[in-house]
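Chemist: Handing you this structure, nothing more for now.
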């Protein structure tokens, strides 16, 4: 795995920015620094050591350039990957695409049992995120909704004993959950006075080990700034 990480990240492009030379043969990953879906693909790019192969192009989603929708990605969302003169999106699809088309440490398991479980966990991400995000603005009994979600993750982390991650060793599944658990842990600790790791030692260890991985650490946002974004967007109470 590449150990040389960018120390200075490029500034986000906004409505006043000129577009890059699109479809000039450069592979580009369009992201937003605060978007968890884009963060997934950013982590994978880092982990596979593709910093020199895939150029990072951050977009300011609050003041996005018109050319992004017109010339790059008509859905006007991030992440998007420009590769081989085409642009594709959807974070989970891009994780698999990067694994299939680029060299570097593997992020998909070769073990058939782990492959099956990986698909189960990836399929659960939408329900997990929807339930937890809904609780941010809830003043009712939100614990009854989120406790089963975090219990599910705790149990999932017990499936394999050859490492602290969902499939034992670090994989695409951990990448898929990492940006969201980062946000959930932050909001619940600071706003809800609720520790998602209490009584869940596997989840606590997972977070601890995740934070040792440089490919992930480089993508983390300043907690105060991220908390402000989450408060503003979700009305966290």
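Chemist: If residue 161 satisfies every condition in (1) farther than 21 Å from residue 223 by Cβ; (2) not in a loop (DSSP other than H, G, I, E, B) but one, which is the exception?
Modeler: Of the numbered conditions (1) farther than 21 Å from residue 223 by Cβ; (2) not in a loop (DSSP other than H, G, I, E, B), the odd one out for residue 161 is (2).
Chemist: If you don't mind, there's one more thing I want to ask. Quick check: is even one residue across region 3-23 assigned to a helix (DSSP H, G or I), more than 25 Å from residue 229 (Cβ to Cβ) and out of contact with any strand residue (DSSP E or B) (no Cβ under 8 Å at 6 or more places or on another chain)?
Modeler: no
Chemist: If you scan region 205-237, which residues turn out to be under 27 Å from residue 163 (Cα atoms) and either at pLDDT below 95 or surrounded by fewer than 18 Cβ atoms within 10 Å (Cβ to Cβ) (or both)?
Modeler: Scanning region 205-237 gives 205, 207, 208, 209, 211, 212, 214, 217, 218, 220, 221.
Chemist: Suppose the filter is surrounded by 21 or more Cβ atoms within 10 Å (Cβ to Cβ) and over 18 Å from residue 151 (Cα atoms); does residue 175 pass it?
Modeler: Judged against the criteria, residue 175 is a match.
Chemist: Check region 141-155 and report whether any residue there is more than 19 Å from the chain's Cα centre (by Cα) and not in a helix (DSSP H, G or I).
Modeler: yes
The rows are residues; the columns are (1) surrounded by 12 or more Cβ atoms within 10 Å (Cβ to Cβ); (2) more than 30 Å from residue 67 (Cβ to Cβ); (3) touching a helix residue (DSSP H, G or I) at 6+ places or on another chain (Cβ under 6 Å).
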site	(1), (2), (3)
84	no, no, no
98	yes, no, yes
102	yes, no, no
106	yes, yes, no
125	yes, yes, yes
146	yes, yes, yes
162	no, yes, no
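The values are calculated or read from the model by the stated rules, or taken from the named source; none is laboratory data. These numbers come from a predicted model, not from an experiment. Because the Cβ atoms are built from the backbone with ideal geometry, glycine has one as well, and the counts that use them run over all protein chains shown.
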